[in-house]
Amino acid sequence: MNLVDQARQVLLITHVSPDGDAIGSMLGLGWMLRARGKSVTMACEDRVPSVYRWLPGSEDIVQRCAGPCDLVVSLDCSDRRRMGTVFQPEFESLPLINIDHHVTNTEFGTVNWIDPSSVATAQMILSLADVIGSEVTEDIATCLLTGLVTDTRGFRTSNVDAVALGAALRLVEVGASFPEVTRRSLEQRPLASVLLWGQAISDLHFEEGILWTEVTQSMRNRLSVAENGDSGLANFLSGIREADVVVVFGERKGGVIDVGMRAIPGLDVARVALSLGGGGHPQAAGCTLQGDLSSVRREVLGEVQQSVKMQREGRTEE
Ligand code: 5GP
Ligand code: MN
């Protein structure tokens, strides 16, 4: 924490295609550092998704850092690339604190605080508040609870334990509204997104326990849906009883394919995501690949099939 105490201008960076934990943990820490008199810039390459724009401070999040800074803190980023274009070459000489809960974290920081037992980076920020004696205000609690709720899909993922629930209780006790956070960040979604899901669901592919589908640019254009992540769809499909693994391919501009994966407890998609240059958690992982949809699909499904087969046979991957 010495690094933080010494710093005056802190740049917080969270990952591209931000989710609720990315935004919530960055805002929570941002508020805490500001209360300690730091000048804080909060940055993310992509704009804050509309579902998180109600969070206090979200309007301060910028897409690139213009001013000077003397410390960089990355949040919820499992590797350096996840910081996207916000991390400029001139920041290489600055100390970088890497705070994350992904088991696949590549420890790219000067200081690395990685805790895969935390269900969300937001949970780590709450424990940090206690360590450094920062007050957890109602605004901070709302941001952090959003991180906990979104990464656990409302405390339903297999990693939820007493510590996570205790963290949520604490945040509710200081004023965060669990119903409001849940409704705004998990339940509500635009009609166009659901219509898009409908199209993807009408073309599901299922083989040997692996369920996959894709969201193409032309589907998005037809329904005027922005280039958001397709996490909601992958999460929804992971509830299909027959599916052990779910893979959702999302086509982005410029030949970029975003791949989201889910696995039932007992199987692990983080390692296959890592081998494809991405990362994540055993039950929810992803990667971003360059190429056309059909070749990326072939490559990824091949790797996933092989990995699942080996895991079912109880073999470790070489
Ligand atoms: P989602 O499918 O919800 O976008 O992502 C599931 C998990 O995989 C999240 O923990 C997310 O951080 C991780 N993930 C998704 N895409 C990528 C990626 O391109 N690279 C890395 N390193 N992790 C990813
Ligand atoms: Mn997270």
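The values are calculated or read from the model by the stated rules, or taken from the named source; none is laboratory data. Since the model is a prediction, treat every value here as computed from it, not as a measurement. No Cβ is skipped: glycine too gets one built from the backbone with ideal geometry, and neighbour counts run over all protein chains shown. Just so you know, the surface numbers come from the protein's heavy atoms only, side chains and all, with ligands and any DNA or RNA stripped out. Shrake-Rupley method; radii C 1.70, N 1.55, O 1.52, S 1.80 Å.
Of all residues in the range 254-268, those being modelled with pLDDT under 95 and surrounded by 24 or more Cβ atoms within 10 Å (Cβ to Cβ) number 0. For the range 274-292, the criterion of a residue being more than 12 Å from ligand 1 (Cβ to nearest atom) and assigned to a helix (DSSP H, G or I) is satisfied by no position. Taking (1) in a strand (DSSP E or B); (2) within 15 Å of ligand 1 (Cβ to nearest atom); (3) of a type in the set (A, V, I, L, M, F, W, C) in turn, I97 satisfies each apart from (2).
Can you find, within the range 6-44, the residue that is surrounded by the fewest Cβ atoms within 10 Å (Cβ to Cβ) among those that are among the hydroxyl-bearing types (S, T, Y) and within 16 Å of ligand 2 (Cβ to nearest atom)? The extreme case among them is S17. Summed over the range 126-152, the residues that are away from ligand 1 (no atom under 16 Å from the Cβ) and in a helix (DSSP H, G or I) give a count of 15. Could you go through the range 176-184 and let me know if any residue there is of a type in the set (G, A, S), without any contact (Cβ under 8 Å) to a residue 12 or more places away in the chain and surrounded by fewer than 19 Cβ atoms within 10 Å (Cβ to Cβ). There is no residue in the range 176-184 that is of a type in the set (G, A, S), without any contact (Cβ under 8 Å) to a residue 12 or more places away in the chain and surrounded by fewer than 19 Cβ atoms within 10 Å (Cβ to Cβ). L148 passes every criterion in (1) open to solvent by 10 Å² or more (accessible area, probe 1.4 Å); (2) in contact (Cβ under 8 Å) with a residue 12 or more places away in the chain apart from (1).
For the range 248-269, the set of residues classified as near ligand 1 (Cβ under 8 Å from one of its atoms) and either under 24 Å from R222 (Cβ atoms) or not in a strand (DSSP E or B) (or both) consists of V248, D258, V259, G260, listed by residue number.
What's the total number of residues in the range 185-212 that are surrounded by 12 or more Cβ atoms within 10 Å (Cβ to Cβ) and not in a loop (DSSP other than H, G, I, E, B)? Matching residues across the range 185-212 total 16. Reported count of residues in the range 269-287, each being away from ligand 2 (no atom under 12 Å from the Cβ) and buried (at least 23 other Cβ atoms within 10 Å of the Cβ), is 5.
Yes or no: R82 within 12 Å of ligand 2 (Cβ to nearest atom), of a type in the set (K, R) and either at pLDDT below 95 or open to solvent by 40 Å² or more (accessible area, probe 1.4 Å) (or both)? So R82 fits the description; yes. Just so you know, in the range 293-318 the residues that are charged (D, E, K, R) and modelled with pLDDT under 95 include one that is surrounded by the fewest Cβ atoms within 10 Å (Cβ to Cβ), and it is E318. In the set (1) more than 16 Å from ligand 1 (Cβ to nearest atom); (2) closer than 16 Å to T137 by Cβ, the condition left unmet by D5 is number (2).
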